[in-house]
Amino acid sequence: MNRERRTVLRAGGGATLLSLVAAAGWLRPSDALAADVWNKAAFETNSMDATMKALGGGTPAQSRDIAFFSTPDIAENGAVVPIGITSAIPNTQSIAILVEKNPNMLAAVFDLPPGTEPSLSTRIKMGQTSNVYALVKADGKYYVASKEIKVTLGGCGG
Amino acid sequence: MADPMRIRANAVGDSTEVKVLMSHEMETGQRKDAQGKTIPAWFIQEVSVTWNGKTVLSAQWGPAVAKNPFVSFKFKGGAKGDKITITWVDNRGDKRTDEATIA
Amino acid sequence: MIKAMLAWALVCAAVPALLGCATAPSDAETSAKAAQVLKASFKARGQAGLDRLDQDETQKLCTEYATKAPPKEVADKIEKANLATIKWPADGKYSGDWKNGERIAQEGRGKQFSDDPAGPVGGNCYACHQLAPQEVSFGTIGPSLYQFGKTRGYTEETRKYAYGKIYNADAYSACSNMPRFGHKSILTEAQIKDVVALLTDPDSPVNK
Amino acid sequence: MSRFPRVAARIAVMASTALVAAAALAQTSAVDEIAKYRAALQDGNPAELWEARGEGLWKAPRGPAKVSLAKCDLGLGPGVVKGAYAQLPRYFPDADRVMDLEARIVWCMVKQQGYSEADATKNPFGAGNDRKSDLEALVAYVASESRGVKMNVPSSHPKEAEAYRLGEKMFFYRGGTHDFACSTCHGETGKRIRLQDLPNLATKEGAQKAYTTWPAYRVSQGEVRSMEWRLNDCFRQQRFPDLEYTSDAAIALTMFLAVNANGAAFDAPAIKR
């Protein structure tokens, strides 16, 4: 159980927060369940190599089968940058979003169980103009596509 | 306590489209207050979405997910009237679970 | 509220009864009351005191002619009065460091009640003007100043005009939308020179 | 060299290849891309979180009198929320005053729920989780109940007509260190600040476009902002002092904008930069 919990990300789904909560029905939020499962190391890196290592993968292969949608080239405000990612790679297990120039690169990892479409959208923060990476894990292998998003200043500037 | 999530779950063909908004500061831990003191990091770390008890999405987040997070995705299955349950847990151990019915 | 109503009564009392304050007030009466209500509706905060609502002669005239161009004699009067306020640099040099000028042109803070009085004060030029072509986020309230020096010539005359215009825009164009940066002590003499350099230095990206 | 500014360094490197045509092209695509950015935000508007909280606050017994706002008359009868925002500001005989939504909610909180004026208005604009504004949530809820309703703000009462005329004058009032009036930025059609389009609020079209999309979730602030906030923050940037909440000037200016927007379908809370 514990081992399974800690490897949730590496396994690309399987054990999940809710099933764990359900299985151990006596657990309360104060038991700091999240800290136990959350991949702290992966969220504290600031290079692609280090992030991949923390995620348990090697160098990802560039892929044309990963596409951004509803993702602008220019964000009017870095506090909210819409990101949509679709993977056409068979057996996509997870999609992660990384921002090269953020203090820590990894923004989010989504694990997609079979039956869930390999396509999702969310919103992230960007401190400055940067490359954004869509990292896909499929059949245990990692693939990546990237896109530059410019962060500009809108409004009166004060 | 955190405000409830706003969950929209709509049956589209043989799939269900889920859109969720969560009320959360998503504080990065890198900002300073007016007195120059660092505002401690406070952000959702884990999210889980289940349909009739089966997990359809799970996520781990860092503080770079935008304030008042939004996620939209689709999964195969789901019928009008089925229950979608979403839970998040943040780095303080606060947790919130909300439910919606597929429309 | 009470202050405002009192003012209204005073305005009404001051005009002949046959003009009929009880019915439609005149344009001037409405203006006078609007100014009174405005002043009663703000509170001082930070560096922004209530005196900021007191209009000088130029502001008063430009408010009066806000929806129509001022007649020539009024425009001339405004321009003449404002030209007289320009304090030209004692050393006779109008131009400074364009790199610093670029920073000043980008900086939007300064003089707001939320700004630190000891903090940076900028010209916020990009809010209204295109300058260096690399900055795509620029406004269009004012004309594009791209290639300002290149098209006007890198002359003393061009630099002097730019200095004067930044110092007090109303001296050249009555009721301009542009703040009077020097006259109202928004930018220092050195800062104005740096912005002049951004516009008129052959090495500035504005002239590339 | 050590003082060489970063911005300047970046520009110096990039400057060599710049051409007028290239600059113009970059500008067009920047505007298009910003439009894409705004479109992408429309899908999920966090203002919904405020609307839900506001509905809860509206219906909950609160204040010293422990009553809800169910009897609060927003102009269409006690407790009628649907469509009320599209007919505000308006004259209220019981208060003998033209009121915008915020002024009216405060009035109901004081007269019906028993709050003191100071308690009711102590946190008009929220700041994060520790200082959530009940008023902004209530405004988000009431405004959302006018979504799709045609703006129909009355100006037949003499005080309504007067508020409009005063608001119009205030719109053109120059002052402060920068000589700014509302009209400096919002009095011409087709202008921008940075990449932000500026509605010409003196025209019907401009006022309709702007007024019907406030209140709004501002992504730059992570908060839902009301029209009272919009005016207060415009004046801040005009370098004016602090516009008092629900003051006569705030209401007169709102009246000017709202009446100019009449005829358009209300479509807020929106989401904006």
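The values are calculated or read from the model by the stated rules, or taken from the named source; none is laboratory data. Keep in mind that this is a model prediction, so the values were computed, not measured. Neighbour counts are summed over all protein chains in view; Cβ atoms, including those assigned to glycine, are modelled from backbone coordinates with ideal geometry. What goes into the accessible areas is simple: the full protein's heavy atoms, side chains included, and nothing from ligands, DNA or RNA. Shrake-Rupley method; radii C 1.70, N 1.55, O 1.52, S 1.80 Å.
Computed quantities for the displayed model
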read-out	value
At least 50 Å² of accessible area lost relative to the chain alone, listed for segment A:71-117 with a 1.4 Å probe	A:74, A:76, A:77, A:80, A:110, A:116, A:117
For segment D:30-122, diffusion coefficient by Stokes-Einstein and Kirkwood Rh (Cα), 4 °C, 1.567 mPa s, µm²/s	85
Neighbourhood net charge (9 Å Cβ-Cβ; Lys/Arg +1, Asp/Glu -1) for residue B:20	+2
Förster radius 30 Å - calculated FRET efficiency between residue B:94 and residue D:65 (Cβ-Cβ, nearest 0.05)	0.35
C-alpha long axis of helix D:47-59 to longest principal axis of chain D, angle in °	10
Simple spin-label estimate for residue A:65 and residue C:118 in nanometres, 7 Å along Cα-Cβ	6.1
Computed [θ] at 222 nm, helices only, for chain D once each DSSP H run of length n ≥ 4 contributes -39500 (n - 2.57)	-13500 deg cm²/dmol
Under Karplus coefficients 6.51, -1.76 and 1.60, residue-wise ³J(HN,Hα) of segment D:225-237 in Hz, glycine/proline x	10, 8, 4, 4, 5, 4, 5, 4, 6, 4, 5, 4, 6
Counted charge near residue C:45, where neighbours are those whose Cβ lies closer than 12 Å (Asp, Glu -1; Lys, Arg +1)	+1
Cα Rg, Dmax, segment C:88-198, angstrom units	13.4, 40
Backbone HN-Hα couplings from phi across segment B:54-67 [Karplus 6.51/-1.76/1.60, Hz, Gly and Pro as x]	9, 6, 10, 7, 9, 9, 10, 10, x, x, 7, 6, 4, 4
Rel. contact order, % - alpha carbon contacts under 8 angstrom, at least six apart, chain C	23
R0 of 56 Å, Cβ-Cβ distance residue A:91-residue D:111: FRET efficiency to nearest 0.05	0.30
Helix C:72-83 vs. chain C, principal-axis angle (Cα, 0 to 90°, nearest 10)	60
Largest-first principal axis extents, alpha carbons of segment A:62-105, Å	34, 23, 16
More than 27 Å apart - percent of Cα-Cα pairs taken over chain C	44
Cα-based Rg / Dmax (Å) for chain D	20.8, 71
Taking segment C:46-151 and dividing mean pair separation by its residue count, relative contact order in percent (alpha carbons under 8 Å, at least six apart)	19
FRET efficiency estimate (nearest 0.05) - Cβ-Cβ, residue D:267 to residue C:73, R0 30 angstrom	0.05
Global form of the protein assembly as shown, assessed from the alpha-carbon gyration tensor, a/c cut-off 1.5	oblate
Distribution of pairwise C-alpha distances over segment D:49-97, 5 Å bins, in %	5, 18, 22, 25, 20, 9, 1
Label point 7 Å beyond Cα of residue B:8 along Cβ direction - residues of segment A:104-125 with amide nitrogen under 19 Å	A:117, A:119-124
√(5λ) per eigenvalue of the Cα gyration tensor, segment B:1-77, largest first, Å	32, 11, 10
Rg [Å, one decimal], Dmax [Å, integer] - segment A:62-158, C-alpha atoms	13.8, 49
Those trypsin sites (Lys or Arg not before Pro) in segment B:1-101 that DSSP places in a loop and that have at most 14 other beta carbons within 10 Å	B:31, B:37, B:80
Solvent-accessible surface ranking, highest first, for C:170, C:56 at 1.4 angstrom	C:56, C:170
As computed over segment D:130-273, the Cα convex hull volume per residue (Å³)	117
For the pair C and D, total buried accessible area rounded to nearest 100 Å², probe 1.4 Å	5500
P(r) histogram, all alpha-carbon pairs of segment C:85-146 included - 5 Å bins from 0, percent	4, 16, 19, 19, 21, 16, 5, 0
For segment D:74-179: relative contact order, % (alpha-carbon pairs under 8 angstrom, 6 or more apart)	32
Qualifying trypsin sites (Lys or Arg not before Pro) for segment C:43-133 [loop in DSSP, other Cβ within 10 Å: at most 14]	C:68, C:87, C:93
Packing-based order for D:176-189, D:97-110, C:139-152, using average beta carbon neighbours within 10 Å, highest first	D:97-110, D:176-189, C:139-152
Qualifying trypsin sites (Lys or Arg not before Pro) for segment A:89-132 [loop in DSSP, other Cβ within 10 Å: at most 16]	A:101
With DNA, RNA and ligands ignored, accessible area of residue D:243 (1.4 Å probe; Å², nearest 10)	10
Directionally averaged projected area (convex hull, Cα atoms, segment D:171-225), nm²	4.6
Accessible carbon and sulfur surface of segment D:91-189 relative to its total accessible area, %, 1.4 Å	50
Residue-wise HN-Hα coupling along segment D:118-128, computed from phi with Karplus coefficients 6.51, -1.76, 1.60 (Hz; x: Gly, Pro)	5, 5, 5, 10, 6, 9, x, 10, x, 9, x
Alpha-carbon Debye profile of segment D:79-190, log10 I(q)/I(0) at 0.17, 0.23 Å⁻¹	-1.08, -1.23
